[in-house]
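For reference, the structure discussed in these notes is given below.
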Amino acid sequence: MMTATNASIFSRMRAGGVIEHRDPEMKKVWQKIARTIKLSAALNSATDVKQIRGRLSEIINVDIDASTIIFTPFYTNFGQHIRLGRHVFINHDCSFLDMGGITIEDNVQIGPKVSLITENHPLTARDRKNLVLQSILIKRNAWLGAGVTVLPGVIIGENAVVAAGAVVTQSVAANTLVAGVPAKVIKYLEESH
């Protein structure tokens, strides 16, 4: 069994929690970030959906299913911890800060200018350069409207809808519509059959 002392920094990032900025393995993270920055230029100059999918697959190191559509520009700071399901649609100008891990299940729709953020920092000034990582999970058939921000540790439930401009600070139950800052339940939706 891996412990915190012998697990790679990438495993520790996926597990969540604090990664100290002075961690001896942070240089490996910065190397991945540099690679992602370089590949992002090619991604955002792609001229068709198939090319975009291929270039994003290269960034995340996993082949994206041909049924998934991503529009550019698309931004990620790390890229290695993004997993996309089938029949996913991601509109223009989205930003995925994925060091803590982002999983998007099948049939999810993501509007333009959506930000998924898995990274935070401690409030104390002396520790503020450290990373606090928590994953984000977007479950089947969820829909995130334009300009939504999802913060670390959030799960968006199956068939849930997040209204445009919402800031999601807590997990969203399945079959609900949430809106506002912070997002709150507006109504319960009929379950899909």
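Applying the condition of being open to solvent by less than 30 Å² (accessible area, probe 1.4 Å) and closer than 22 Å to ARG86 by Cβ to the range 119-140 and asking which residue is farthest from the chain's Cα centre (by Cα) yields ILE138.
On the given criteria, is VAL18 open to solvent by 30 Å² or more (accessible area, probe 1.4 Å), part of a strand (DSSP E or B), over 21 Å from VAL168 (Cα atoms) and of a type outside the set (Ser, Thr, Tyr)? Answer is yes for this residue. Only one entry of SER8, SER67, SER40 meets the criterion of being among the hydroxyl-bearing types (Ser, Thr, Tyr), touching a residue at least 12 places away in the same chain (Cβ under 8 Å) and under 20 Å from VAL132 (Cα atoms), and that entry is SER8.
Of the residues that sit in the range 174-193 and are surrounded by 15 or more Cβ atoms within 10 Å (Cβ to Cβ) and small (Gly, Ala, Ser), which one is farthest from GLN134 (Cα to Cα)? Going through the qualifying residues, I end up with ALA179. Taking the range 27-71 as the range and being in a loop (DSSP other than H, G, I, E, B), open to solvent by 60 Å² or more (accessible area, probe 1.4 Å) and under 27 Å from SER8 (Cβ atoms) as the test, the residues that pass are ASN61, ASP63. Taking the criterion of being farther than 16 Å from GLY180 by Cα and surrounded by 19 or more Cβ atoms within 10 Å (Cβ to Cβ), the residues of the range 141-156 that qualify are ASN141, ALA142, PRO152, ILE155. As a summary of the residue check, GLY100 satisfies the conditions (1) part of a loop (DSSP other than H, G, I, E, B); (2) open to solvent by 20 Å² or more (accessible area, probe 1.4 Å) except for the one numbered (2).
The values are calculated or read from the model by the stated rules, or taken from the named source; none is laboratory data. Predicted, not measured: the structure shown is a model, and the values here were computed from it. FYI the Cβ positions are ideal-geometry reconstructions off the backbone, even for glycines, and counts take in every protein chain you see. Ligands, DNA and RNA are excluded from the accessible area calculation, which covers all protein heavy atoms including side chains. Shrake-Rupley method; radii C 1.70, N 1.55, O 1.52, S 1.80 Å.
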